[in-house]
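The values are calculated or read from the model by the stated rules, or taken from the named source; none is laboratory data. Nothing here was measured: the structure is a model prediction, and the numbers come from that model. Don't worry about glycine lacking a Cβ; one is built from the backbone with ideal geometry, like all the others, and counts go over all protein chains shown.
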Amino acid sequence: MKEKEFIFIIKNIIGSKFIGDDCAYLKDLGIVVTQDSLVEDVHFSLKYTSAFDLGFKSVMVNISDIVASGGEPKYLTIALSVPANIDSKFVEEFYKGCQKACGNNIEIVGGDITGADKICISVCAIGKTLGRNISSRKNAQIGQKIIVSGIHGSSSAGLKLLFENKKTPEQFIKAHLMPVAQVEFGKRVALNVKESYAMMDTSDGLMDSLSAIANESGVLLDIDFNKIPYDKEIIQFSDWQNMVLFGGEDYQIVATVPQDYPYGVEIGQVKDGLGVDLKINNATVHFSQKDVEEKVFNHFKTQGEEK
């Protein structure tokens, strides 16, 4: 089974209106809440990930969800499960990485630590919503434009280099091991866009996010590949276009905004229809939800960090 199929089953049992977006928006409390987990040999490998980098990334992936919802990240709880052979130095470096990712504006307020056969991390993040227009992947409007915060494909390229024991280009390695949530970009959208809009991070790949927005909103996203920003050095890889579109873990933001919104890189338009139309290599390729799901990373099918 795939992640979305599990979510469908859980949602039907629980019946909560909050399940579906990356964050639950608790309007009466003025907060958004998210939780994400990283599991050894599924999301990371200690062969190339240090304890510090692991702590940093564990926090950043949750901050990214808060930011992509339009919230202001404020508090975290962190649960860490480790095997018996992990020493105190690992734990110390892990939490130093967590603290580095938090900076001065986000506070770790609790958590748990226990034993396990492999390292497992689960982070719960809470963000404030006061004065912000909170997004939903269901809210894309026909006539809006589609923008992204930055380059795509770099994390996937970095992962490939790590698998091949290569250390250059360094920017790709760093993009994979220490991604940075687009806090200011998300804040700017949430404070300035007054109408309904959709916004997600691209943790599971740009095309996955575009497909989710299109299908949840019941619209067609018309995308021009030539407008998607990427590091020019990525073209050295034979599958670089797939890295840009489906690679994942770049933790950029994609949003649908009014035509006069002045920030971000425009990559397409929201139109009448359903799915994603991609202009690439002098052709237009239509992607249904099923087409995209067959290409993205499936945690429940793949062992290891294959994309």
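Kindly check whether there is at least one residue in the stretch 13-23 that is surrounded by fewer than 19 Cβ atoms within 10 Å (Cβ to Cβ), in contact (Cβ under 8 Å) with a residue 12 or more places away in the chain and in a strand (DSSP E or B). Give the steps one after another, and end with the answer.
In the first step, residues of the stretch 13-23 are kept if they are surrounded by fewer than 19 Cβ atoms within 10 Å (Cβ to Cβ); the result is 13-20.
With in contact (Cβ under 8 Å) with a residue 12 or more places away in the chain added as a condition, the list becomes 19-20.
Next, only the ones that are in a strand (DSSP E or B) stay: 19.
Among the residues of the stretch 13-23, at least one is surrounded by fewer than 19 Cβ atoms within 10 Å (Cβ to Cβ), in contact (Cβ under 8 Å) with a residue 12 or more places away in the chain and in a strand (DSSP E or B), which makes the answer yes.
Please go through (1) surrounded by fewer than 23 Cβ atoms within 10 Å (Cβ to Cβ); (2) in contact (Cβ under 8 Å) with a residue 40 or more places away in the chain; (3) assigned to a loop (DSSP other than H, G, I, E, B) for residue 166 and return the number of the only condition it doesn't satisfy.
If we test residue 166 against (1) surrounded by fewer than 23 Cβ atoms within 10 Å (Cβ to Cβ); (2) in contact (Cβ under 8 Å) with a residue 40 or more places away in the chain; (3) assigned to a loop (DSSP other than H, G, I, E, B), just (2) comes out false.
What is the one condition in (1) among the aliphatic types (A, V, I, L, M); (2) surrounded by fewer than 21 Cβ atoms within 10 Å (Cβ to Cβ); (3) not in a loop (DSSP other than H, G, I, E, B) that residue 151 does not satisfy?
Against the list (1) among the aliphatic types (A, V, I, L, M); (2) surrounded by fewer than 21 Cβ atoms within 10 Å (Cβ to Cβ); (3) not in a loop (DSSP other than H, G, I, E, B), residue 151 comes up short only on (3).
Would you confirm whether or not the stretch 175-183 contains a residue that is at pLDDT 95 or above and more than 15 Å from the chain's Cα centre (by Cα)? Please lay out each step first, then the result.
Keep residues of the stretch 175-183 that are at pLDDT 95 or above, which gives 175-183.
Cutting the leftovers down to more than 15 Å from the chain's Cα centre (by Cα) gives us none.
Checked the stretch 175-183: no residue is at pLDDT 95 or above and more than 15 Å from the chain's Cα centre (by Cα).
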